[in-house]
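Colleague: My structure is below; once you've seen it, I'll send some questions.
The values are calculated or read from the model by the stated rules, or taken from the named source; none is laboratory data. Every value quoted in this text rests on a predicted model; they were computed, and no experiment measured them. Reconstructed Cβ throughout: ideal geometry from the backbone, glycine too, with neighbour counts over all protein chains shown.
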Amino acid sequence: MSTPAVAEKKALSPWMYVPVLYFMQAMPVAIVQELASVFFKDMGIANAPIVVWTSLISLPWSMQFLLGPLVELSSTRRRWVFQAQFIIAICLGLLAFIIHLPNAFIFCLLVLGTMAITSALCNIATDGLYILAMDGPTQAKFIGVQTTCYRLGRLFCVGLLVLLVGVATRVDKIPLNAPRGGYIELKNKDKSEFVTSARIGIQNSSGGALTDDEGREVLPKLEVPAGTMKLTIRGTGEVLADGKTVGRIAYLTTNNGQTPKGEIIEGGVQLGSTDERTAEAKIPIMMGWTFGIALAAILYFVGFSTASRTTPHPAKDVRPEGDEAAETPRNIARTVLIVSAGVSGYFFLNALVRLIANTLGDQFNQKGWLLPKENLILGMPVHGNPAMVEMIQMIGCLAVLVTSVILMRQLLKGSKMAEALVSFTRIEKFYAVFGFILFYRFGEAMVSRLTPLFVKDPIGKGGLALSNAQFGLISIAGIVGIVAGGIAGGWFLSQRGLKRGFWPMVICMHSPNLLYVYAAYAQPSSIAVLNFIQFVDQFGYGFGYAGYSVYLMSIANRGNFKTAHYAIGTGLGALCITSAAIIGGIIQSNYGWHAFYVSAVLFTIPGTLILLVIPHDDGKSQDEEPPAPPEPFQGYPRPELDDGPG
């Protein structure tokens, strides 16, 4: 066990370990929750299993509040951090190569699931280590640094990596000219437009309809398979994907009275001639993902090697001894039962909500509320009536939930783990704090989880029809915004304090949602405009999120179980994001993107008004040690489950 003197001797400047720890903390979260969906799509996996399984393997972060006491009451936080990081580095290395194996989807899910569980434990330990490694003023000083570095890690994965893969595997569009007096028909939303020339090609590596530079589909509709590496267009109109004919582009001699647009493109394919032109990617799409994920694995391992040498050994970070050490096996059993109850409870409520929505969908003709025709239990297809299958799943989850709760109550009775969980409910104005955690970020969470789908959706479906490379490019624009916003938020808190600064911060956090209302209405194609929206959104997020982090840390610092209480707070916040995504998905599927973003703005109101009732004083909770004075406000960024872009 480290003595205070030894711990102090080993301590280094927070600049030596805080940036790398929080950059690394973001990487597995972003890869599992966001990047996995992109490369699964490029593998040709259908949407339904992608949604089901990526949601399932993301549950460990939502269950962090159930895992906190285990980390708090067993081993040191530092040991938890670096053992978990080592496992994550190995998982990333494996992931880079197993995507080429037969049945790669199953193997990838196993590796990603392992990485998610390990990352959730690592996050809890990192939070606890941060609290113990620095005093209150130093923690407050590094609020902006932590927020910035966490977001940089996420944007490296969903921005830079996606951009690099997109550029390396991009199949350029081929210029096409209609013959004199002829026209090419394109579909823009629900109407046809006629042009004399256009650049035609694959919108993104997921395949689908051929489009022009503005995302308009070529008519008659021609689709190419996911992962197409080589596209050929001949003067006869024949289109070949990787050497196989997928259809023919026809030109028209009538334009329904429209004024045709477009000028002759030099070197383009002339329809009605013997011309031919081919566009080909530099490397196959999945090889591009291998290089991208391998780059992430190397970077993560370098970060692990660096942080393990520069992170201090806090004097308070000690192993459990005596009776506490003997309780470790029982704490593990308690945690398994707690997680079992949490997971089964989640799926029980999920099934209940889906059944209610299905009933209402029938009555009010809301197709997005109906159960899918493909029945799934734990992601596996089954036959039968959808409502009956959902009912069976709900009853099974209820049985597991009841059994887990009965056993859990027996094992938890009189234990420190029970005290850690129950003491969180004794904080001042618990229900107000609970409402703050659930609703402060609700509108922002809706936007961050669904915006990637918005920017990838075709123009005809109300989206922006961006390619992977374009999506990566506008994500990188957010790096500048989050750096500026995170630093500005930390400085603002140091000048104004949390109580006086909360209102400006919440306004800055949520007002960028109005820009998405505009984008859904106007569907701008200008990358400059989209970069501006992304910059403002990320700046507002970095600025406003600092207040959320500081408040959660101030709550955690009032009791004896700081690590557990912070994990509970952030875990409940993660469940808020999951709920926001579900509600947002229902709204979008029924009413479209514009209505979705308007509703996201409206959902920011409860989280804003609740600032009027939450406690802002530094009072102690019932379980705080009498001699210990309350520490100042402090905080840092947490992974967004979603934490989607935004």
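Colleague: Just one of the numbered conditions (1) modelled with pLDDT under 85; (2) crowded, with 17+ Cβ neighbours inside 10 Å is not true of Pro626; which one?
Modeller: (2)
Colleague: Sticking with this structure for a sec: All but one of (1) closer than 30 Å to Pro49 by Cβ; (2) out of contact with any Phe, Trp or Tyr (no Cβ under 8 Å at 6 or more places or on another chain); (3) not β-branched (Val, Ile, Thr) hold for Arg77, so report the exception by its number.
Modeller: (1)
Colleague: Mind checking which residues of the range 276-291 are at pLDDT below 85 and out of contact with any helix residue (DSSP H, G or I) (no Cβ under 8 Å at 6 or more places or on another chain)?
Modeller: Within the range 276-291, Glu280, Pro284 meet the criteria.
Colleague: Answer yes or no as to whether Tyr431 is crowded, with 22+ Cβ neighbours inside 10 Å and farther than 30 Å from Arg170 by Cα. Steps first, answer last, please.
Modeller: On the way: crowded, with 22+ Cβ neighbours inside 10 Å: no; farther than 30 Å from Arg170 by Cα: yes.
In short, no.
Colleague: Restricting attention to the range 162-177, does a residue exist that is buried (at least 24 other Cβ atoms within 10 Å of the Cβ) and modelled with pLDDT under 80?
Modeller: Checked the range 162-177: no residue is buried (at least 24 other Cβ atoms within 10 Å of the Cβ) and modelled with pLDDT under 80.
Colleague: Please list, ordered by residue number, the helices (runs of 4 or more DSSP H) wholly in the range 94-208 having 1 or more residues that are over 20 Å from Gly292 (Cβ atoms). So that I can check it myself, show each step before the final result.
Modeller: Numbers: elements: 104-133, 136-141, 143-155, 162-168.
Counting at least 1 such residues, we get 104-133, 136-141, 143-155.
Colleague: So, one more: Looking only at residues that are more than 32 Å from the chain's Cα centre (by Cα) and at pLDDT 85 or above in the range 219-234, which one is nearest to Ile283 (Cα to Cα)?
Modeller: The selected residue is Leu231.
Colleague: Being among the β-branched types (Val, Ile, Thr), within 17 Å of the chain's Cα centre (by Cα) and crowded, with 20+ Cβ neighbours inside 10 Å narrows it down to one of Thr563, Thr570, so name that one. It would help to see each step written out before you state the result.
Modeller: Numbers: Thr563 fails: within 17 Å of the chain's Cα centre (by Cα).
Unique residue meeting the criteria: Thr570.
Colleague: Out of curiosity, is Ser340 at pLDDT 80 or above, in contact with a Ser or Thr (Cβ under 7 Å, 6 or more places away or on another chain) and assigned to a helix (DSSP H, G or I)? Don't jump to the end; show me each part of the working.
Modeller: Working: at pLDDT 80 or above: yes; in contact with a Ser or Thr (Cβ under 7 Å, 6 or more places away or on another chain): yes; assigned to a helix (DSSP H, G or I): yes.
Judged against the criteria, Ser340 is a match.
Colleague: Which one of the conditions (1) under 19 Å from Ile202 (Cα atoms); (2) touching a Phe, Trp or Tyr at 6+ places or on another chain (Cβ under 6 Å) does Lys456 fail to meet, given that it meets all the rest?
Modeller: So the condition that Lys456 fails would be (2).
Colleague: Further question: Which residues, taken from the range 209-258, are within 25 Å of Ala168 (Cα to Cα), in contact (Cβ under 8 Å) with a residue 40 or more places away in the chain and among the small types (Gly, Ala, Ser)?
Modeller: Ala209, Gly215, Ala226, Gly227
Colleague: Still on this structure, please answer the following. Select from the range 218-248 the residues that are out of contact with any strand residue (DSSP E or B) (no Cβ under 7 Å at 6 or more places or on another chain) and not in a loop (DSSP other than H, G, I, E, B) and list them in ascending order.
Modeller: Lys244
Colleague: Please go through the range 196-215 and pick out each residue that is modelled with pLDDT of 80 or more and not β-branched (Val, Ile, Thr).
Modeller: Once the filter is applied, which keeps residues that are modelled with pLDDT of 80 or more and not β-branched (Val, Ile, Thr), the range 196-215 yields Ser197, Ala198, Arg199, Gly201, Leu210, Asp212.
Colleague: Whether any residue in the range 69-84 is in contact (Cβ under 8 Å) with a residue 40 or more places away in the chain, outside any helix (DSSP H, G or I) and within 20 Å of Met16 (Cβ to Cβ) is what I want to check.
Modeller: Scanning the range 69-84, I find at least one residue that is in contact (Cβ under 8 Å) with a residue 40 or more places away in the chain, outside any helix (DSSP H, G or I) and within 20 Å of Met16 (Cβ to Cβ), so the answer is yes.
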